[in-house]
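Working notes, structure below.
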Ligand code: BGC
């Protein structure tokens, strides 16, 4: 019997629909396949627990949703980062979620992605000096610095308290935002004599200025940068302690930019016989620092709930895949354009609330720690 062409077309169409359904459906998870293969993630380094946290949280959420997304690490090297981006483009991604190692150097990778028609989401760290950034998923980094500064202010009594300042890597735009936030809170308390800066002549020279330009911050950061490196943080702290007199020690206050560097700096200060006590900041709620807080070796950390950041990043990626624009409440200037963003809030954690904020909330498991009450 001769079939009419209409039957043939209907048959082909239904076969195609069935095939599409089978490919798209994930029987185990019930996830939808929009993200699978369409999104690539690039993180800066495996050397710091912070980015392993992000990898783990991405995997948790993606597995739960039934997505498969490739996560590549750049080994703290901009050339490797660009290779990673190129390899993801070759694999056909439509959205790139990237946390740059070096804010300005990453512009080239972002532009390559843009030229290939890929949407670029800057993750946690902004990419500077390029138009090729579509969205920025971030925490409120100024608020992180302000929380650190406020903690030191709240713990200080009287006047003349020795203050030691440390900063993140100048290649990371966040290092400036954290420092700016801390300076907002600390500067009035330096100006009124509560604190006396002990380890940066540039900061002393600028201590009467409430607001610093980027160049001015750059000068201070240049003297007190840890490069986000634990080894550098340790040697810098040791050098400062060697240079300082016993009178510059005693009960001291230390602005440390994140948890990894805080532990290194805290260890150096704890080993100095002229240090009677220290209050030291941090951020990231890394497991090792939660233990340090329980043990009284680090004073505080700032919880930036990575689960929220990861969720925001995936939602932004899906919005782009659907041809929509992710929501924004503000924008960050990257030197060329204002990049839309919706920054997430942060929480101060110390010995008083660590159990409630970190353990009871399910952020980390109690079994990973000792000495919890
Ligand atoms: C991140 C911090 C992190 C630091 C070092 C910053 O950009 O916001 O959470 O500790 O980089 O990797």
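The values are calculated or read from the model by the stated rules, or taken from the named source; none is laboratory data. Here the structure is a predicted model, which is why all the values come from computation and not from measurement. As a convention, Cβ positions derive from the backbone with ideal geometry for all residues, glycine included, and neighbour counts pool all protein chains shown.
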Provide a single number: the residues in region 293-315 that are touching a helix residue (DSSP H, G or I) at 6+ places or on another chain (Cβ under 6 Å) and in a helix (DSSP H, G or I).
4
Being crowded, with 24+ Cβ neighbours inside 10 Å and either within 24 Å of residue 78 (Cβ to Cβ) or more than 14 Å from the ligand (Cβ to nearest atom) (or both) narrows 175, 108, 191, 210 down to just 175
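Looking at the structure I just gave you, is residue 122 within 12 Å of the ligand (Cβ to nearest atom), in a strand (DSSP E or B) and at pLDDT 95 or above?
Considered against the rule, which asks whether it is within 12 Å of the ligand (Cβ to nearest atom), in a strand (DSSP E or B) and at pLDDT 95 or above, residue 122 comes out as yes.
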Residue by residue through region 343-368, note down the ones that are in contact with a helix residue (DSSP H, G or I) (Cβ under 6 Å, 6 or more places away or on another chain), surrounded by 15 or more Cβ atoms within 10 Å (Cβ to Cβ) and assigned to a helix (DSSP H, G or I).
354, 358, 359
Filtered residues of region 169-205 (kept if outside any helix (DSSP H, G or I) and under 24 Å from residue 251 (Cα atoms)):
192, 193, 194, 195, 196, 197, 198, 199, 200
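Residues checked against (1) within 24 Å of residue 252 (Cβ to Cβ); (2) away from the ligand (no atom under 14 Å from the Cβ); (3) free of Cβ contacts under 8 Å to residues at least 24 places away in the same chain; (4) buried (at least 17 other Cβ atoms within 10 Å of the Cβ):
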site: 299; (1), (2), (3), (4): yes, yes, no, yes
site: 309; (1), (2), (3), (4): no, no, no, yes
site: 314; (1), (2), (3), (4): no, yes, no, yes
site: 322; (1), (2), (3), (4): no, yes, no, no
site: 326; (1), (2), (3), (4): no, yes, no, yes
site: 336; (1), (2), (3), (4): no, yes, no, no
site: 341; (1), (2), (3), (4): no, no, no, yes
site: 371; (1), (2), (3), (4): no, yes, no, no
Identify the residue in region 231-254 that is within 24 Å of the chain's Cα centre (by Cα) and without any contact (Cβ under 8 Å) to a residue 40 or more places away in the chain and, among all such residues, is nearest to residue 279 (Cα to Cα).
234
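One residue is enough: does region 210-228 have a residue meeting the conditions within 21 Å of residue 276 (Cβ to Cβ) and assigned by TED's automatic domain parsing to the domain that holds residue 154?
Residues of region 210-228 that are within 21 Å of residue 276 (Cβ to Cβ), as a first pass: none.
Within region 210-228, none of the residues are within 21 Å of residue 276 (Cβ to Cβ) and assigned by TED's automatic domain parsing to the domain that holds residue 154.
Would you tally the residues in region 256-278 being under 22 Å from residue 169 (Cα atoms) and not in a loop (DSSP other than H, G, I, E, B)? Reasoning before the result, please.
So the first thing to find is which residues in region 256-278 are under 22 Å from residue 169 (Cα atoms), and the list is 256-269.
Checking the rest, the ones that are also not in a loop (DSSP other than H, G, I, E, B) come to 259-269.
Total satisfying the criteria: 11.
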Out of (1) away from the ligand (no atom under 16 Å from the Cβ); (2) without any contact (Cβ under 8 Å) to a residue 60 or more places away in the chain; (3) within 23 Å of residue 368 (Cβ to Cβ), the odd one out for residue 262 is which?
(1)
Where residue 132 falls short, out of the listed (1) away from the ligand (no atom under 16 Å from the Cβ); (2) touching a helix residue (DSSP H, G or I) at 6+ places or on another chain (Cβ under 6 Å); (3) closer than 30 Å to residue 348 by Cβ; (4) part of a loop (DSSP other than H, G, I, E, B)
(3)
